[in-house]
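Values in this text are rule-based calculations from the coordinates and carry no lab data. If you're wondering where the values come from, they're calculated on a predicted model, not measured in any experiment. Cβ placement follows ideal geometry from the backbone for every residue including glycine, while neighbour counts extend to all protein chains displayed.
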Amino acid sequence: MGIIDIKNLKINVPLSKFTTMRVGGNAHFFVEPKSINELIKIIKLCQKQKIKYFILGNGSNVIFSDIGYNGIIICTKKLNKTKIKNNCLICECGTNLYVLNKLLINHGLSGMEFTYGIPGTIGGATFMNAGAYGFEMKDVVRKVMFFNGKKINISKNKNLDFSYRNSIFKKSNFIVLKVWLKLKKKNILDVQDLCMQNLKKRQVSQPFEFANSGSIFKKVNGISAGKILDELNLKGKRVGGAEVSNLHANFIINKGNATSNDIKQLVQEIKQEVKTKKGITLEEEVIFIP
Ligand SMILES: Cc1cc2nc3c(=O)[nH]c(=O)nc-3n(C[C@H](O)[C@H](O)[C@H](O)COP(=O)(O)OP(=O)(O)OC[C@H]3O[C@@H](n4cnc5c(N)ncnc54)[C@H](O)[C@@H]3O)c2cc1C
């Protein structure tokens, strides 16, 4: 079997349609496997044929280059089966965080409310150890089933090496297949209320009306990069169609016609200015795929 025989394989797919920043060229190959078995088979085939692959969730933390991706993009969105057992949610990696939270509200299960409004998948959130309002994925993950490039493993939270926006999956390039979340039984209205409170906080502080990738830079010694950028009056700074949001300085927005290069250049100029004026080296949270 060759790569071209993969079921439902698409060719020359614009990645701008699969990332929240809405930039990037075409993926040479693109596939959305419908089962974990199918996903593993595709990866093994890529390994055998030495074809470059990239696992994509909802594309809310990645920016592809304008040239596109010369390999196969494996998008997890169709791997979205969920099961609730003893206050634990077991979900496949492509489960959307919005859908997941709606399910938890309906069952009165608390613990994931901090992710309400994060436009990602559970696989991307676990890989990134996504966090907000004092909580991180490491606080709710019980265990994870993953593929290490050779075989499938299941590991408990304590072995997953979670730290600020990092995990064993990111460090070792492992693929998150299934996540077990430990939750607490609560009143449905209380879970819903906390989700809505968190969403409102996002709605007033984040530029919802423009395409973006969330926070561009990581915190520096606990200080938000947005605060540093704000102090340097970088809000509104622009390269082509990319602009530092006037609402939140750590967000770059696509004013409609931005290219990936515009964003990269703006990021470089910001880093340079912060280094020169404050002596601080900013590090990207968002992932650029060359
Ligand atoms: C408006 C907005 C608000 C945001 N708010 C927050 C926030 O409050 N806190 C926060 O931490 N982040 C936030 N983000 C960033 C982003 O949403 C999170 O990092 C999210 O968890 C990424 O999930 P994703 O499915 O979109 O991942 P993607 O962007 O698709 O991928 C991100 C990385 O994860 C890898 N990946 C994805 N799925 C898997 C998998 N199954 N196995 C292995 N690797 C995988 C990809 O290869 C890539 O390297 C925000 C983004 C936006 C646009």
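What is the local net charge at residue 194, summed over the other residues whose Cβ is closer than 15 Å to its Cβ (Lys, Arg +1; Asp, Glu -1)?
So the surrounding residues net to +3.
Show me 249-260, 196-207 ranked by packing, highest mean number of other Cβ atoms within 10 Å first.
249-260, 196-207
Across segment 3-75, how many lysine pairs, 8 or more positions apart or on different chains, have C-alpha atoms separated by under 25 Å? Please give the number.
For segment 3-75, the number of qualifying lysine pairs is 22.
Would you calculate the separation in nanometres between label points at residue 281 and residue 12, each defined as 7 Å from the Cα along the Cα-to-beta-carbon direction?
Rounded to a tenth, the inter-label distance reads 4.2 nm.
Arrange the peptides 164-170, 37-43 so that the one whose residues have, on average, the most other Cβ atoms within 10 Å appears first.
The densest-packed peptide leads the list: 164-170, 37-43.
Sort 58-67, 277-286 for me by packing, meaning the mean count of neighbouring Cβ atoms within 10 Å per residue, highest on top.
58-67, 277-286
Between residue 1 and residue 67, what FRET efficiency follows from the Cβ-Cβ distance if R0 is 41 Å, with the result rounded to 0.05?
0.90
Please compute the length gained on full extension between residue 209 and residue 154, using 0.36 nm multiplied by the number of residues separating them and subtracting their Cα-Cα distance.
15.8 nm
For the pair residue 172/residue 247, report the inter-label distance in nm, with labels modelled 7 Å from Cα in the Cβ direction.
Label at residue 172, label at residue 247, 3.9 nm between them.
What percent does the relative contact order of segment 3-75 come to when contacts are Cα pairs within less than 8 Å and at least six residues apart?
40
Using 0.36 nm per residue, how much length does the chain from residue 200 to residue 231 gain when fully extended, once their Cα-Cα distance is taken away?
8.7 nm
Multiply the residue gap between residue 139 and residue 288 by 0.36 nm, knock off their C-alpha separation, and tell me the result in nm, one decimal place.
Residue separation times 0.36 nm, minus the Cα-Cα distance, leaves 50.9 nm.
Rounded to the nearest 500, what is the chain's calculated 222 nm mean residue ellipticity when only DSSP H runs of at least 4 contribute -39500 (n - 2.57) each, over all residues?
The per-residue figure over the chain is -8500 deg cm²/dmol.
Express the relative contact order of the chain as a whole percentage, based on alpha carbon pairs under 8 Å and six or more residues apart in sequence.
Once normalised by length, the contact order is 17 percent.
Give me the dipole magnitude in Debye, nearest 20, for the chain about the Cα centre, with unit charges on the beta carbon: positive for Lys and Arg, negative for Asp and Glu.
1060
Fewest Cβ neighbours within 10 Å first, please rank 28, 248 accordingly.
Least crowded to most crowded, the residues run 28, 248.
What lysines sit close enough to residue 200 to cross-link, taking a C-alpha to C-alpha distance under 18 Å and skipping anything fewer than 8 places away on the same chain?
Counting by Cα, and skipping residues close in sequence, residue 200 has these lysines nearby: 102.
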